[in-house]
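Worksheet: the structure to be examined is printed underneath.
The values are calculated or read from the model by the stated rules, or taken from the named source; none is laboratory data. Note that the coordinates shown come from a computational prediction; the quantities given were computed from them, not determined experimentally. Positions of Cβ are generated from backbone atoms using ideal geometry, with glycine treated the same way; all protein chains shown enter the neighbour counts. Calculation scope for accessible area: heavy atoms of the full protein, side chains included, ligands and nucleic acids excluded. Shrake-Rupley method; radii C 1.70, N 1.55, O 1.52, S 1.80 Å.
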Amino acid sequence: MTLKHQLPETVRTERLTLRAPEPSDVADLVAMANNANVFATTATLPFPYTVAHAEGFVANAAANPDVKAYVITSDDDRPMGVISFKLAAGPLPELGYWLGEPHWGKGIVTEAAIGLLAAVGDTPEFAEVDARVLESNIASVRVLEKAGFVLFECLAGILERHRGKPIFLMRWRRR
């Protein structure tokens with residue numbers, strides 16, 4: 001069994017459901033991700049974000065053994081954003097996420113991250129988890145801190161749109 005298949009299919013928190021992306025999510029994913037403010041805070045999200053990008057994301061989420069992606073939904077089951085584990089990014093799993101701007105400032109990603117980390121339970125491969133965040137993205141730094149991550153290392157961005165910018169490598173350890 002691959003590491004991806006050891007992870008839960010669905011995670012529920014007080015307000016949220018994290019579940020696998022589905023083809024019916026494409027329009028909502030485009031509506032949330034096709035935003036310059038969302039793009040600016042991410043490493044790999046393209047802009048403009050098109051239907052083709054969303055369809056590719058949904059297909060890749062199912063097929064790629066190195067990524068476990070969840071859409072973040074609430075009672076209406078409409079995606080507000082995405083949270084995922086990259087399972088082959090480095091020696092540790094790496095948490096990544098983005099959230100549509102209409103949902104910023106409501107504690108949604110913090111709740112999703114805490115819920116997802118709790119859901120991995122005692123899986124040995126998840127005793128430690130990394131996350132990378134732009135130093136300038138104070139809101140995302142706070143999300144990670146509230147979820148229990150601490151600053152591990154300061155790096156310089158290597159991707160074109162963030163080349164040379166300070167990046168925090170933050171690490172979470174199971175207690």
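Structure data summary
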quantity: Within the range 39-63, considering residues that are without any contact (Cβ under 8 Å) to a residue 40 or more places away in the chain and in a loop (DSSP other than H, G, I, E, B), the one farthest from Gly105 (Cα to Cα); calculated: Thr50
quantity: Residue count for the range 77-94, restricted to those that are touching a Gly at 6+ places or on another chain (Cβ under 9 Å) and either in contact (Cβ under 8 Å) with a residue 24 or more places away in the chain or of a type outside the set (Ser, Thr, Tyr) (or both); calculated: 8
quantity: Residue that is least open to solvent (accessible area, probe 1.4 Å), among those in the range 89-110 that are of a type in the set (D, E, K, R) and farther than 16 Å from Ala69 by Cβ; calculated: Glu101
quantity: Subset tally (residues that are more than 12 Å from the chain's Cα centre (by Cα) and not in a loop (DSSP other than H, G, I, E, B)) for the range 83-102; calculated: 2
quantity: Test result for Arg78, of a type outside the set (A, V, I, L, M, F, W, C) and either open to solvent by less than 40 Å² (accessible area, probe 1.4 Å) or over 23 Å from Arg171 (Cα atoms) (or both); calculated: yes
quantity: Hits in the range 1-60 (condition: surrounded by 14 or more Cβ atoms within 10 Å (Cβ to Cβ), among the small types (Gly, Ala, Ser) and more than 18 Å from Gly115 (Cα to Cα)); calculated: Ala31, Ala33, Ala40, Ala43, Ala54
quantity: Flag for Ala113 being in a helix (DSSP H, G or I), within 17 Å of Val82 (Cβ to Cβ) and open to solvent by less than 10 Å² (accessible area, probe 1.4 Å); calculated: yes
quantity: Subset of the range 121-157 (residues that are outside any strand (DSSP E or B), hydrophobic (A, V, I, L, M, F, W, C) and crowded, with 20+ Cβ neighbours inside 10 Å); calculated: Phe126, Val143, Leu144, Ala147, Phe149
quantity: Positions within the range 66-82 being within 13 Å of the chain's Cα centre (by Cα) and farther than 15 Å from Asp28 by Cβ, in sequence order; calculated: Val67, Lys68
quantity: Tally, over the range 49-71, of residues that are touching a Leu at 6+ places or on another chain (Cβ under 6 Å) and of a type in the set (A, V, I, L, M); calculated: 1
quantity: Condition met for Asn64 (at pLDDT below 95 and more than 27 Å from Val150 (Cα to Cα)); calculated: yes
